[in-house]
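Asks: Following this message is one structure expressed as structure tokens.
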Amino acid sequence: MDDPLQALLDAGVLNTDSFPQHSRYHATPVATLERENGEPIPYLRRRFIPPQDEFAVIQQHIVVEGDRVDNLAAHYLGDPQLYWRLCDANGVMRPDMLTATTGARIAITLPKGVPGQSDE
């Protein structure tokens, strides 16, 4: 029995991304593991933190007492849910690591892949 919906999904006609654009998982591919009984189990492929040299630093923030990464993302990036961009740009997995040390520097960057000004 042919399933027309599955045919559209297999052809890539329908968008299967279940994560919103501001999510760190938005572009993460979904893979499927097939159980012995043939039942498919969808899962997200592993997402690695991009290398820090892939980001163009536009400014730095010095951590002060009471800073929260969601508030910093709202201030610098315009959306508190983009906190993960600050984490990626600074090479950390846990958001609380960014603001744990008063006086630490947090790189505020352009999104990954957006080139900064040339030093030439």
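The values are calculated or read from the model by the stated rules, or taken from the named source; none is laboratory data. What you see is a predicted model, and the numbers here were worked out from it, not measured in a lab. Here the Cβ positions follow ideal geometry from the backbone for every residue, glycine too, while neighbour counts run over all protein chains shown.
Asks: Please find, within the stretch 72-110, the residue that is farthest from ARG24 (Cα to Cα) out of those that are touching a strand residue (DSSP E or B) at 6+ places or on another chain (Cβ under 8 Å) and part of a loop (DSSP other than H, G, I, E, B).
Replies: GLY103
Asks: Right, next: What do you reckon, is GLY113 assigned to a loop (DSSP other than H, G, I, E, B) and over 27 Å from SER18 (Cβ atoms)?
Replies: Taking the combined requirement at face value, the residue does not satisfy it.
Asks: Return only the number of the condition from (1) polar (S, T, N, Q); (2) surrounded by 10 or more Cβ atoms within 10 Å (Cβ to Cβ); (3) in contact with a Phe, Trp or Tyr (Cβ under 8 Å, 6 or more places away or on another chain) that GLN52 does not satisfy.
Replies: (3)
Asks: Out of all the residues in the stretch 14-64, which are within 24 Å of PRO115 (Cα to Cα), part of a loop (DSSP other than H, G, I, E, B) and β-branched (Val, Ile, Thr)?
Replies: THR28, ILE49
Asks: For the stretch 70-91: of the residues being over 14 Å from the mean Cα position of the chain (by Cα) and aliphatic (A, V, I, L, M), which is surrounded by the most Cβ atoms within 10 Å (Cβ to Cβ)?
Replies: Within the stretch 70-91, the match that is surrounded by the most Cβ atoms within 10 Å (Cβ to Cβ) is LEU72.
Asks: From the list GLY91, GLY103, GLY116, pick out the single residue that is out of contact with any Ser or Thr (no Cβ under 9 Å at 6 or more places or on another chain) and at pLDDT below 95.
Replies: GLY91
Asks: Across the stretch 60-89, what is the number of residues that are under 15 Å from GLY103 (Cα atoms), of a type outside the set (A, V, I, L, M, F, W, C) and out of contact with any Lys or Arg (no Cβ under 9 Å at 6 or more places or on another chain)?
Replies: Within the stretch 60-89, residues that are under 15 Å from GLY103 (Cα atoms), of a type outside the set (A, V, I, L, M, F, W, C) and out of contact with any Lys or Arg (no Cβ under 9 Å at 6 or more places or on another chain) number 4.
Asks: Collect the residues in the stretch 39-61 that are of a type in the set (S, T, N, Q) and at pLDDT 90 or above, keeping them in residue-number order.
Replies: Residues satisfying the conditions are GLN59, GLN60.
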